[in-house]
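See below for the structure under consideration.
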Amino acid sequence: MDRRSFVLGCTAGLAGISGFGTRASAQAAYPGKPVTLLCPFAAGGAGDILTRAAADHVRTKRNVAVGVEYRPGAGATIAPAQIAKAASDGATLGLYSISPFLTVPHLQKVPYDTLKDFTYISIYAYVPIALYVLADSPLNNWNDVVKFARDNPGKFRWGTSGVRGAAHIATEAAFRKESAQTTFVPFSGGADAITAMLGGHIEAVVSADYGPQLAAGKVKLVVLTGSEKLASQPDLPTFKDLNYPISTEAIYGLFGPANLSHEVVTYWDAATREMMASDEFKTTLKTASANAVYMGSADFTANVVQNYNKLGEAIKTLGFNSK
């Protein structure tokens, strides 16, 4: 699969490709001082697990002081907004996820420009986003969900890990195509949405945070919002299988402010590849129900540019309210 188009399929056109910036005066012997990784999600979900994986690897294997700070809320845009204003010295980096870069900027004003304000370093994992319900729910598959939503307008309540994120938009587009009226309930993170579902306040969650609950037998998956199948459940349909307007996975990697030096980019790219080869990372992937996928900075940047434009056109075509 072409890494530039990986994780996002839309009924819209493609766009060009640009590279990351360079900086003439790189710091000697990077990092040389503590590094902070900002996680745009609350603790406990896949994003948290995969942020800490990178931080822990560099801390333990390279003896560098790396801390993780959480910036959940506002559609996961708080961390990117902070990083866009950070110094380009590699001291403040963040976990990349698609929504605050590819979806939210098309729907509301944000204090950054996806295509100008960041350096995209490397991608190291993806998680198939799923719509899932309680294990004892009478809704056993996607057809059951669609039928219930059609027969009971507005009574099928669902939440996501981010308002106006890619999973939100893709699922809303799917329900629209099925002429199913549902109720979207906003949450600040996937863990909060799962708690609400476990408490009976909503019927379903759409997120990449299902791993621990699925392993514990508390939830069941009914459909995947992307194009990639789950090896453990090969018969589970995907939005691509169903020819819905948007299909998307969750991808995770590292990014920083614009104009990071080549030294900083190569340092973290090498650290990422080291981490991906480790036994510890294999355990992390299992915990987060994630899969390994690698993109270096050039392919990562191309992926962002292409999919930013594709998703923007899809949002316009579907008639979603925009900024």
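Summary table
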| read-out | value |
| --- | --- |
| Every pair of residues 6+ apart whose Cβ atoms lie under 6 Å, when the first sits in the range 208-237 and is within 17 Å of Trp158 (Cα to Cα) while the second is crowded, with 19+ Cβ neighbours inside 10 Å and aromatic (Phe, Trp, Tyr) | Tyr210/Tyr132; Val219/Tyr132; Val219/Tyr210; Leu221/Tyr132; Val222/Trp142; Val223/Trp142; Thr225/Phe239 |
| The lone exception for Tyr210 - which of (1) touching a Phe, Trp or Tyr at 6+ places or on another chain (Cβ under 6 Å); (2) surrounded by fewer than 21 Cβ atoms within 10 Å (Cβ to Cβ); (3) at pLDDT below 90 it fails | (2) |
| Residues that are on the phi < 0 side of the Ramachandran plot, surrounded by fewer than 20 Cβ atoms within 10 Å (Cβ to Cβ) and over 16 Å from the mean Cα position of the chain (by Cα), drawn from the range 222-246 | Lys229, Leu230, Ala231, Ser232, Gln233, Pro234, Asp235, Leu236, Pro237, Lys240, Asp241, Leu242 |
| Top-ranked residue in the range 107-137 [being part of a strand (DSSP E or B) and among the aliphatic types (A, V, I, L, M); ranked as surrounded by the fewest Cβ atoms within 10 Å (Cβ to Cβ)] | Leu134 |
| Residue identified as crowded, with 17+ Cβ neighbours inside 10 Å, in the same structural domain as Pro31 (by TED's automatic domain parsing) and in contact (Cβ under 8 Å) with a residue 60 or more places away in the chain among Ala292, Ala314 | Ala314 |
| Condition met for Lys61 (closer than 18 Å to Ala270 by Cβ and not aromatic (Phe, Trp, Tyr)) | yes |
| 2 or more residues buried (at least 16 other Cβ atoms within 10 Å of the Cβ) and modelled with pLDDT of 95 or more: qualifying strands (runs of 3 or more DSSP E) within the range 1-106 | 35-39, 66-70, 92-96 |
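The values are calculated or read from the model by the stated rules, or taken from the named source; none is laboratory data. What you are looking at is a predicted structure, and each value in this text was computed from that prediction instead of being measured. Neighbour counts run over all protein chains shown; Cβ positions are idealised from the backbone, glycine included.
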